[in-house]
Each structure stands twice: as structure tokens, then as C-alpha cells.
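Below is one structure, written out as C-alpha cells; the observations come after it.
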Amino acid sequence: KNEVEQSPQNLTAQEGEFITINCSYSVGISALHWLQQHPGGGIVSLFMLSSGKKKHGRLIATINIQEKHSSLHITASHPRDSAVYICAVRGTGNQFYFGTGTSLTVIP
Amino acid sequence: DSGVTQTPKHLITATGQRVTLRCSPRSGDLSVYWYQQSLDQGLQFLIQYYNGEERAKGNILERFSAQQFPDLHSELNLSSLELGDSALYFCASSVGGGPNQPQHFGDGTRLSIL
């Protein structure tokens, strides 16, 4: 049983398209993180959310605590956005749970 | 550059051996987290330290141990290594130890067990 489910697993988009990646979780959480991992392996934390919505450049993250769901949106996608996006939650018991990631490829 | 330094970048060793991975957190960060990323299990949380004290524990095996030193760097010790321990090991740091803390990740140590 996975505490965090992401969809889709793989996503291919044309440059300029609007992209949405979804994350559902089944545990009580204190925070939700969206991470980006490039092919070289390095991980960058994009957002940390406990409620509402955050925006950074072309990236928007939202969370609905009641529905236990978060979305990551990328507007005007670009080939440099190609990466694996991972949803992670910190449970109320201080545990971390990770989704299996969404592999995004943006084609020029 | 996240400011988190992990050494070594790569490590190749044999089954049964013991290795130590090192992490220096970002300047000013008091909390250190260790994660394991393997092909079959994905990312897993191992352990968190805050200002020298263990704050949270995840799926860390008994063969693994960690500590955070007074200068805030941390070491992850892996012993009696098995083939299944081959993975990327990431360290991350944050300013505080609470749940609502953005984390900054190091580049990882790639451990290969032969």
C-alpha cells in the first residue's frame, strides 16, 4: 500500500503546453513537498506546502487538505523542465512518504 | 549550488564491508536528513537530526547508523553491506527541525556494492 500516489507516471508534452501532475495521499500530514530530480540525479526542492497555493515563476503548486490532494502545474513548459517530479509528504508522526515520481519530457 | 556538501560522490566496495558517508549542511542550517534512493524502492527517509539530537527515524536498517557532530556535519555509517544497499544516498538540510521546513539537498553519494 502506497501512502502517496502520483499520476501520471510518465508525461510527454510539446514545448509551451500547460502541464499538471497530481498527488494523492492517505495519511495525515504536516507538510507536502514537491521535488524535482534531473537526469544527473540531483534533487531540488520546488515547494513546501501545508495549505493553499504557492507560485514560483512558471510553477504553481496547490494543496487541498480536505481531499488529501495536491497538484503541480507548469505553465508554458520548456525542454529544461524535463525531469522527474516527486511528491513527498511529512506525516504527523514525523515520517516521510514519497511518491514514485512523474517523469516529464518536454519536446521542443 | 544548494550549499550542502556530500562526500564522497562515488563509492565502490564489496559485500560485508563498512563505509561512512559524510554530509556538511548549508551554513546556518541545524537539521540534517538522510535519504536512500534505490531503483526498486525509490526514495526512502532514513533519519533526521536536529542540532545533534535525533529528531525523526524512518526506514533505517539496524546495520546503518548516523550521528550529527557539534560542528553540525553528519555521518551515515553503513555496515555489513549487502548488494541491496547499492543506491544513491542523499543528505538534505534545513534551518529548523520542524515539519514545515524547506530542505536543501546535496548532490548525493552513489554507493555500489560488488
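Values in this text are rule-based calculations from the coordinates and carry no lab data. Remember, it's a predicted structure, so these values are computed and weren't measured experimentally. Positions of Cβ are generated from backbone atoms using ideal geometry, with glycine treated the same way; all protein chains shown enter the neighbour counts.
So the values come out like this:
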quantity: Separation of alpha-carbon centers, the range B:1-23 and the range A:7-53, rounded to whole Å; calculated: 27 Å
quantity: Long-range Cα-Cα pairs in the protein assembly as shown (distance over 30 Å), rounded percent; calculated: 23 percent
quantity: Value of D in µm² per second that Stokes-Einstein yields for the range A:1-107, Kirkwood Rh from Cα pairs, at 25 °C (0.890 mPa s); calculated: 178 µm²/s
quantity: Computed log₁₀ I(q)/I(0) - Debye formula, equal Cα scatterers, no solvent, chain B, q 0.12 Å⁻¹; calculated: -0.37
quantity: Sparsely packed GluC sites (Glu not before Pro) within the range B:42-114, loop by DSSP, other Cβ within 10 Å at most 14; calculated: B:Glu62, B:Glu82
quantity: Fraction of antiparallel bridges per DSSP, chain B only, in percent to nearest 5; calculated: 90 percent
quantity: Where chymotrypsin sites (Phe, Trp or Tyr not before Pro) fall in DSSP loop in the range A:3-80, at most 15 other Cβ within 10 Å; calculated: A:Phe18
quantity: Computed label-point distance, nm, for sites B:Gln41 and B:Ser86 using a 7 Å Cα→Cβ extension; calculated: 1.6 nm
quantity: DSSP-loop chymotrypsin sites (Phe, Trp or Tyr not before Pro) across the range A:50-108, with at most 15 other Cβ within 10 angstrom; calculated: none
quantity: Computed Kirkwood radius, in angstrom, where 1/r is averaged over Cα pairs of the range A:1-56; calculated: 13.5 Å
quantity: Shielding by partners - mean other protein chain Cβ count within 10 Å, residues of A:39-48; calculated: 5
